[in-house]
Amino acid sequence: MLIFDLSQPGRRNLSQAPRAAAEPDPDAIPADFLRQSRPVLPEVSELDAVRHYTNLSRKNYSIDTQFYPLGSCTMKYNPRACNYLAMLPQFLARHPSAPSDTGQGFLACMYELQEMLKDVTGMAGVSLAPMAGAQGEFAGVAMIRAYHSARGDNARTEILVPNAAHGTNPASAVMCGYTAREIHTDSEGNVDLAALRAVVGPHTAGLMLTNPSTLGVFERAIMEIREIVHAAGGLLYYDGANLNAILGKVKPGDMGFDVIHMNLHKTFSTPHGGGGPGAGPVGVATRLLPYLPLPVVVQKDDAYRLQDEQDLPHSIGRLSAHAGNAGVLLRAYIYAKLLGREGMQRVAEFATLNANYLMIQLKRAGYTLAFPARRASHEFIITLKDLKDKTGVTAMDVAKRLLDKGFHAPTTYFPLLVPECLLIEPTETESRQTLDAFVQAMKEILAEAHHSPDVLKSAPHTTPVRRLDDVKAARELNLTWKPAA
Amino acid sequence: MPFIPHTKEDIDAMLAVIGVASIDELFDEIPPALRSAGLKHVPSGMNEMEITRLMHERAERDGRRLNFIGAGAYEHHIPAAVWQIATRGEFYSAYTPYQAEASQGTLQLLYEYQSMMASLTAMDVANASLYDGASALAEAVLMAVRLHKTSRRVLMPATIHPAYRKVVHALVRDQNIELVTVPYCARRGHTIPNALESYQGGDYAALVVPQPNFFGVLEPVDELTAWAKANGMLVVAVVNPVSLALLQPPGVWAGGGADIVVGEGQPLGVPLASGGPYFGFMACRKAHVRQMPGRIVGATVDRDGKPGYTLTLQAREQHIRRSKATSNICTNQGLAVTAATIYMALVGADGLADVARASHANACRLAQALAKLPGVSRAFSGPVFHEFVVQLTEPVESVLRSLKAQGILGGFALTRDYPELGDALLVCATETKCDDDLMRYADGLQRILGSCVVAASSALQSSTI
């Protein structure tokens, strides 16, 4: 049932309507500007709308209702205090163009967040401007480009990206006018140093690296990688997608990275909101400070303000009309304050403990680890290639069956280089009891794969809909509801 | 431990299973030289009571003022139900609906949202959101260049939001795209169709058309669209979604309509909140949908033939196409879109038109009242939606400071972005302003300008006759 199906011509919510003006409009809009056709929006009561969207929400799996071990996404508990306090009426009411002296409370939070992020990343400067991880990547690569071109070093046309990287990495490099070249990964999950040495050179603008990588392991040769890239004149970019694994333990700045983006909706627990909003602040080493995206918050004489083009004339510019996803940043600030320095280190410790525990338990249950000789970071990969060869059951079948068992599925088929893979990230906020229940479900599924594979191939059975026809969705495009003619 | 449930027994049992003596041993693959010396600038943690006190203090310090600033972010009434439902954990703490069977709530809501936005803009299809209005315009410029195939130059009127023009520049400049500024009519405050003739034959991929424009003035969209089409360009519309309840939607401009429509979705139920999170919307022709960036939801059926919804056309996106994707966007603004969908359902087409009409009426009444004050004049004669520009005989920054001292945020100073307009101020009044609010502004401004030939409140009253 769509909201449009509930619509009744003429039904209104008059309590939501503005009071009609007592007098006619003094300056009516000329007729040729006026709309002739009425837009098709629902005509429902407030109760209809509240009931409809409340019921729709119940068709979602979410962290608040299910264990959500979605690898690479860090689906940890989003503390309710962060939402409640970020939505205090004064914060919500403040206009983005209001003078800075009307927002000192808000700006103090932003400044302190910036300073904390500088510390945890070990970078010289941070801008909170990017609105998501991918925009942070864009900003980071654009700063690399600005740096090279300020030096007249215009032969650098290539960004190197491991083939295990998120798809955003090569896509961001291209948006900055670079070509993306992929580097091979060895059988232990590390960047292939020989392959790297073979391709770096005067055309290398930089290398984008996720560490721990998307394969769930720490890049042990990071110092050699740094040497190779820096010796060739390239810069080192840290994709902070997996910062949760090393928060407070290792600083990307200490690993020699020149620029980093963080995903606050992962590491700093702001809500994923059904797809966003996120926030992707960037941190830089000293040599990239002049290029930070606007605005940056500064403090002088106990007053805070946002810097603009006059303060940072070499900035790569603005990424949003105002100051980025301010409300997301406020939630991240509150979360950081609740954790404090001790709490941040515990994040990495318990995310890592949970991942390694779950990895060992799944191995004992009969699953195949993609990198059995390695420690898990905060996530790890199992590969179901053997299972598929024996039973025909795929990683997707296992993922769908997990939905029946009351768990959200892990990330499937990413990274692309591990066949039939599940990327599993339990996060630090889940208890041992939850992890054990998940292991029990995975044991049952493995038994089903051998005894009754059709149950898996036809899963899920208990969700609001069963497996959907994606081919039909793409071939017979139906992207909008239209009233019957 | 904050947000970590492990008991001492849990930790010991888990370490035993793994076969290590301590949690620290789990980090043994990290070169010891890299281990952090600790966090010096992160303070110790607070409990919830302490952070609650701190945040209340900071919120109270910021306070609230009577706001007449618009300039791309607009204060509208937001029904209580909007965010109470949007922040239900099932929406708030879910992720991107990649597992469709476990995400039908989000997916169906997005399908409803796409339908509402397509109807509001009178376009065929809409995506599931981009970051904000400005970055959505940058994506539209990139999309128009891809569609046009031969030209990489785009015409950008000077009446487009200055921050939007800066954002577009920042986001497209490394892709060898040229943005050419089109001047505006100093008297009427909109783009001059005749002035476009100097661009004739210049090989441009697209003309961007804002409606209303940054000055709040209505652009001659039919003439601009017709000219662009006659010259082989695409038309990219930048529109305010609330205004679309009253104004001709871009899908019908000049008959054939715009090709790509973008805008800032914030006016649809999203609070001002110091600038975000908002959301950008984008709609286009069905023929162009494969060049559209961002997530798109489609209707389909499940294996039992039951209707359902799923992310579709994913081969456009970075997680499949990598360096050849239409955009690098991954995370979008889902929760803000959730709020906007609930908002549109609660107000409906008539309610949205009422909001638009009341906003327009309030802006016009305030404009008339202010224009009667000595030392204030209207900058432009073109018709407006809910914002207008006045020119002052006193320095605009000091006038704004004085208004602020009275608890009034008087508008957005144009001196920096449009120095040719002198001491000019962009003022907005939406449906949230009552007669007393408008009078307070007019009286306050009159006091500041230091003249009392006509009482401002009587100026307001006479304007409403």
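Coordinate-derived values only; no laboratory data. Quick caveat: nothing in here was measured; it's all calculated off a predicted structure. Here the Cβ positions follow ideal geometry from the backbone for every residue, glycine too, while neighbour counts run over all protein chains shown.
Some observations on this one:
- Filtered chymotrypsin sites (Phe, Trp or Tyr not before Pro), segment A:256-294: DSSP coil and at most 12 other beta carbons within 10 Å: none
- Convex hull of Cα atoms in segment A:184-293, direction-averaged projection (nm²): 7.9 nm²
- For segment A:231-285 and segment A:1-57, distance of Cα centres in Å: 43 Å
- DSSP-defined beta bridges in chain A - what % are antiparallel, rounded to 5: 55 percent
- D by Stokes-Einstein for segment A:104-205, Kirkwood Rh over Cα pairs, 25 °C, 0.890 mPa s: 157 µm²/s.
- Counting, for every residue in B:264-275, the Cβ atoms of other protein chains within 10 Å of its Cβ and taking the mean gives 6.
- Amide H to amide H distances under 5 Å link A:I382 with A:A370, A:L422, A:I424, where only residues 5 or more positions off or on other chains count and H is placed in the peptide plane.
- Neighbouring Cβ atoms from other chains, within 10 Å of the Cβ of residues in B:163-173, number 5 on average.
- Residue-averaged 222 nm ellipticity for chain B, from DSSP H runs of 4+ at -39500 (n - 2.57), nearest 500: -11500 deg cm²/dmol
- Annotation: amide H-H contacts under 5 Å for A:L294 (H modelled 1.01 Å from N, sequence separation of 5 or more, or interchain): A:G317, A:R318, A:L319.
- Entries of A:K76/A:K251; A:K59/A:K443; A:K76/A:K266; A:K266/A:K337; A:K405/A:K457 with Cα pairs more than 18 Å apart: A:K76/A:K251; A:K59/A:K443
- Counting only Cα atoms, the size of segment B:349-463 along its three principal axes is 42, 32, 26 Å, in decreasing order.
- Debye log10 I(q)/I(0) for segment B:5-66, one point scatterer per Cα, at q = 0.15, 0.24 Å⁻¹: -0.78, -1.02
- Among B:Q200, A:Y357, B:L313 the positive-end extreme of the charge dipole of the protein assembly as shown (Cβ point charges): B:Q200
- When you count the other C-beta atoms within 10 angstrom of each residue and take the mean per peptide, A:270-278, B:7-15, B:384-392 line up highest first as A:270-278, B:384-392, B:7-15.
- Taking every alpha-carbon pair under 8 Å whose residues sit at least 6 apart, chain B reaches a relative contact order of 19 percent.
- For the protein assembly as shown, size of Cβ-based charge dipole, Lys and Arg +1, Asp and Glu -1, in debye: 780 debye
- For B:Q211, residues with placed amide H under 5 Å, excluding near neighbours: B:V238, B:V239, B:N240
- Cβ-based charge dipole, segment B:80-341, positive-most Cα from B:G256, B:T326, B:Q99: B:T326
- The order of A:T368, A:T394, going from fewest to most other C-beta atoms within 10 Å of their C-beta, is A:T368, A:T394.
- Counting beta carbons within 10 Å around each of A:R341, A:R58, B:R365 and listing the fewest first gives the order A:R58, A:R341, B:R365.
- Check: chain A dipole with +1 on Lys, Arg Cβ and -1 on Asp, Glu Cβ, in debye: 820 debye
- For chain B, alpha-carbon Rg over 2.2 N^0.38 Å: 1.13
- Neighbour counts of C-beta atoms inside 10 Å place A:K472, B:K286 in the sequence B:K286, A:K472, starting with the fewest.
- DSSP H segments from chain B that extend 18 Å or more along their own axis, Cα-based, with Kyte-Doolittle mean of -0.5 or above: B:104-121, B:133-148, B:334-371
- Relative contact order of segment A:346-471, pairs being alpha-carbon contacts under 8 Å that are 6 or more residues apart, as %: 29 percent
- When the alpha carbon gyration tensor of the protein assembly as shown is reduced to an equivalent ellipsoid, its three semi-axes come out at 46, 30, 28 angstrom, largest first.
- Segment A:346-471 - Kirkwood radius from inverse mean 1/r over Cα pairs (Å): 14.8 Å
- Global geometry of chain A, whether rounded, prolate or oblate, following the gyration tensor of its Cα atoms and the 1.5 cut on a/c: oblate
- Backbone geometry of segment B:298-307 corresponds, through the Karplus equation with coefficients 6.51, -1.76 and 1.60 at θ = phi - 60°, to 3J(HN,Hα) couplings of x, 7, 8, 10, 8, 5, 9, x, 7, x Hz, x marking Gly and Pro.
- Taking one quarter of the surface of the C-alpha convex hull of segment A:82-339 gives a mean projected area of 13.6 nm².
- Averaged over A:280-288, number of beta-carbon atoms from partner chains that fall within 10 Å: 0
- Rounded, prolate or oblate (a/c below 1.5 giving rounded, otherwise prolate when a/b exceeds b/c) for segment A:247-311 by Cα gyration tensor: oblate
- Dividing the summed helix terms, -39500 (n - 2.57) for each DSSP H run of n ≥ 4, by the number of residues in chain A produces a 222 nm estimate of -11000 deg cm²/dmol to the nearest 500.
- Helices assigned as whole DSSP H runs in chain A whose Cα atoms extend at least 30 Å along their own long axis and whose mean Kyte-Doolittle hydropathy is 0.0 or higher are found at A:326-364.
- Taking a ≥ b ≥ c as the square roots of the eigenvalues of the alpha-carbon gyration tensor, segment B:245-305 is classed oblate because a/c is 1.5 or more while a/b is no larger than b/c.
- Positive-end ranking of A:N55, A:P39, A:T74 along the dipole of the protein assembly as shown, with charges on Cβ about the Cα centre, is headed by A:P39.
- Averaging 1/r over each pair of different alpha-carbon atoms in segment B:80-341 and inverting the result gives 18.8 Å, the Kirkwood hydrodynamic radius.
- The value obtained for segment A:23-173, namely the Cα convex hull volume divided by the number of residues, is 336 Å³ per residue.
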